[in-house]
Amino acid sequence: MKKIFVTLLFVASFVNAQFFSPKQQEGLLDGGFGMTWIDGQPFYAVHLMPEVAFSNIGIGLNLNLEFGSNGKIRTENFNEFSDYASIIRYIRYGQKKDPLYVRLGSLDYATLGHGSIMYMYNNSPSYDARKIGLEFDADFNNFGFESVYGTFGEGGVFGLRGYVRPLQFTSAGDIPIIGNLEAGLSYVTDFNKNSGVIAGTIDPVSGKFKSSVDEGNVSALGFDLGLPIVRASIFNWDLYYDYVKFIDFGNGSSIGTVFNFHGLGLVDLNLKFERRINGDGYLPSYFNSLYEIERFRFNPATSLVSSKVQILKAQAAVGNGYYGELLVSVLNTFNILGSYQRLDDMPQSGILHMSTEVAPDGVPFILRAGYDKANIKNEKDLFTLDDRSYLFTEVGYKPLPYLITSIVYHYTFTPIRDAGDNIITYKSQKKIEPRVSFVYPFGL
């Protein structure tokens, strides 16, 4: 570890300009080679992470090669087809909330509607088990749809929300407030073969996991209403109501409000707050940022299954609860997002998401961080890193305009597989990477 700062990374990639904010017709070249420490073990690393944006189109690549001291490539880099396909991190057209939005590849924080069923869903919380998914949304003004598919090549999460603004078809569409009333219907299911598994064992002959109690695909239906109260140049205010029914399980609803304030480029605030009314056998925002980890875990030592569907099956009331979310942006330079859920009668119900980015123009310091944690017991448990946590941090310095030296710390997950190469659980993984990057903007 004494040599950690000696590592040199030469970088070449197209970046989405989180730090440099290039014009839409420009790209940034970024990539690198050096060393990374994974669970205390050193690996020689080669990265090519180009991203380019022109007009409404964005493309991001992510080639990651890690070689051990024996010169062999790390097994988890390329042990299944999705690892090769996911070299293309994403291809995107438009942005979420645009009239047309398409994203193919890694889905970082996919949401349907107000998020009562699917909220901030991440299809690749483990870098060693990357997925290729799809988001496809279209808004035709009077009606539209949102859709998500978590992974191709195997069963995954599928979600579809169709919505209509019924008064837009009549002269009442010009009436303030009620003219933009929106009604939506949602359906989300998980086609993964382990989505409903409650118990099982490892087959002694094949070495593969075999389920013994399986509830089948977990599916939910939802209905929602949204009412824009205020629409102004600097202030928006919406009210909404959601109702969700899990097929074969329970139901719940939520009443919420969203405030958006745009302070002339000085301070932007986005606030979301809702009261959640939860029945037996129901969990709000079931498909969340850590769902791919929480869906199913099997401990071969104890033969115990830990799965998210077990909470629905228990039929116990988790209690009503509150959810709050706040996004603050100062001078389009300092950005921080935080959200938190707590249920009244479920001690381990806390779900936290935080992310921040500080990259002032003309200032040579850079800070990025993201943190997710589920099943939080109490406030003392908020920032304890364990198998319920996901953390990314990068602290950097720019000695020259296009040169970044930084340290990256990643607390993530790596998959554990059975004899059939099927993922049966995940274990926490720590990655430390010193990075010296050369980033150069260019016109397209």
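The values are calculated or read from the model by the stated rules, or taken from the named source; none is laboratory data. Just so it is clear, the structure is predicted and the values come from calculations on it, not from any experiment. Ideal geometry is used to build each Cβ from the backbone, glycine not excepted, and the neighbour counts take in all protein chains shown.
Please state which of the following conditions Ser253 fails to meet, knowing it meets all the rest: (1) surrounded by 15 or more Cβ atoms within 10 Å (Cβ to Cβ); (2) part of a loop (DSSP other than H, G, I, E, B); (3) of a type in the set (Ser, Thr, Tyr). Evaluating Ser253 over (1) surrounded by 15 or more Cβ atoms within 10 Å (Cβ to Cβ); (2) part of a loop (DSSP other than H, G, I, E, B); (3) of a type in the set (Ser, Thr, Tyr) leaves (2) as the failure.
The rows are residues; the columns are (1) in contact (Cβ under 8 Å) with a residue 60 or more places away in the chain; (2) surrounded by 17 or more Cβ atoms within 10 Å (Cβ to Cβ); (3) assigned to a strand (DSSP E or B).
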position	(1), (2), (3)
Gln348	no, no, no
Met354	no, yes, yes
Glu357	yes, yes, yes
Thr412	yes, yes, yes
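For segment 192-205, the criterion of a residue being within 30 Å of Asp139 (Cα to Cα) and touching a residue at least 12 places away in the same chain (Cβ under 8 Å) is satisfied by at least one position. All told, Ile376 falls short of being among the aliphatic types (A, V, I, L, M) and either more than 15 Å from Leu290 (Cα to Cα) or in contact (Cβ under 8 Å) with a residue 60 or more places away in the chain (or both). The number of residues in segment 128-140 that are without any contact (Cβ under 8 Å) to a residue 40 or more places away in the chain and over 15 Å from Gly94 (Cα atoms) comes to 1. Tell me yes or no: at least one residue of segment 229-247 is in a loop (DSSP other than H, G, I, E, B) and either under 28 Å from Ala129 (Cβ atoms) or under 25 Å from the mean Cα position of the chain (by Cα) (or both). Among the residues of segment 229-247, at least one is in a loop (DSSP other than H, G, I, E, B) and either under 28 Å from Ala129 (Cβ atoms) or under 25 Å from the mean Cα position of the chain (by Cα) (or both), which makes the answer yes. When Ala199, Ala232 are checked against the criterion of being among the small types (Gly, Ala, Ser), modelled with pLDDT under 90 and exposed (fewer than 15 other Cβ atoms within 10 Å of the Cβ), Ala232 stands alone in meeting it. When Val305, Val318 are checked against the criterion of being touching a residue at least 12 places away in the same chain (Cβ under 8 Å) and touching a helix residue (DSSP H, G or I) at 6+ places or on another chain (Cβ under 8 Å), a single residue qualifies: Val318.
The listed residues are Lys272, Lys210, and the only one of them that is part of a strand (DSSP E or B) and over 30 Å from Leu167 (Cβ atoms) turns out to be Lys210.
In this structure, Arg297 does not satisfy being in a strand (DSSP E or B), touching a residue at least 12 places away in the same chain (Cβ under 8 Å) and either touching a His at 6+ places or on another chain (Cβ under 8 Å) or closer than 21 Å to Val188 by Cα (or both).
Tyr322: in contact with a Lys or Arg (Cβ under 9 Å, 6 or more places away or on another chain) and among the hydroxyl-bearing types (Ser, Thr, Tyr), yes or no? Yes. Hey, could you check segment 302-338 for residues that are at pLDDT 85 or above and part of a loop (DSSP other than H, G, I, E, B) and say which is nearest to Val188 (Cα to Cα)? The residue in question is Lys308. On the basis of being among the polar types (S, T, N, Q), at pLDDT 90 or above and touching a Lys or Arg at 6+ places or on another chain (Cβ under 6 Å), does Asn122 make the cut? Answer is no for this residue. Note on segment 108-147: among residues that are farther than 21 Å from Ile424 by Cβ and in contact with a helix residue (DSSP H, G or I) (Cβ under 9 Å, 6 or more places away or on another chain), the one that is surrounded by the most Cβ atoms within 10 Å (Cβ to Cβ) is Tyr121.
Filter segment 376-397 down to the residues that are within 20 Å of Pro415 (Cα to Cα) and not aliphatic (A, V, I, L, M), then identify the one that is surrounded by the fewest Cβ atoms within 10 Å (Cβ to Cβ). Checked segment 376-397; the qualifying residue surrounded by the fewest Cβ atoms within 10 Å (Cβ to Cβ) is Asp386. Here Gly265 fits the description: surrounded by fewer than 17 Cβ atoms within 10 Å (Cβ to Cβ) and either at positive phi or among the basic types (Lys, Arg) (or both). Scanning segment 403-422 for residues that are of a type in the set (S, T, N, Q) and farther than 30 Å from Phe365 by Cβ turns up Thr414, Asn422.
So for segment 162-169 (the condition being among the basic types (Lys, Arg) and over 24 Å from Asp418 (Cβ atoms)), does at least one residue qualify? So far as segment 162-169 goes, yes, one or more of its residues are among the basic types (Lys, Arg) and over 24 Å from Asp418 (Cβ atoms).
The test for being farther than 21 Å from Glu325 by Cβ, under 24 Å from the mean Cα position of the chain (by Cα) and among the aromatic types (Phe, Trp, Tyr) does not hold for Tyr371.
Taken over segment 361-409, residues that are outside any strand (DSSP E or B), within 30 Å of Met346 (Cβ to Cβ), of a type outside the set (A, V, I, L, M) and in contact with a Phe, Trp or Tyr (Cβ under 9 Å, 6 or more places away or on another chain) amount to 2.
Residues that are part of a strand (DSSP E or B) and of a type in the set (A, V, I, L, M) were ranked within segment 151-180; the one that is farthest from the chain's Cα centre (by Cα) is Val164.
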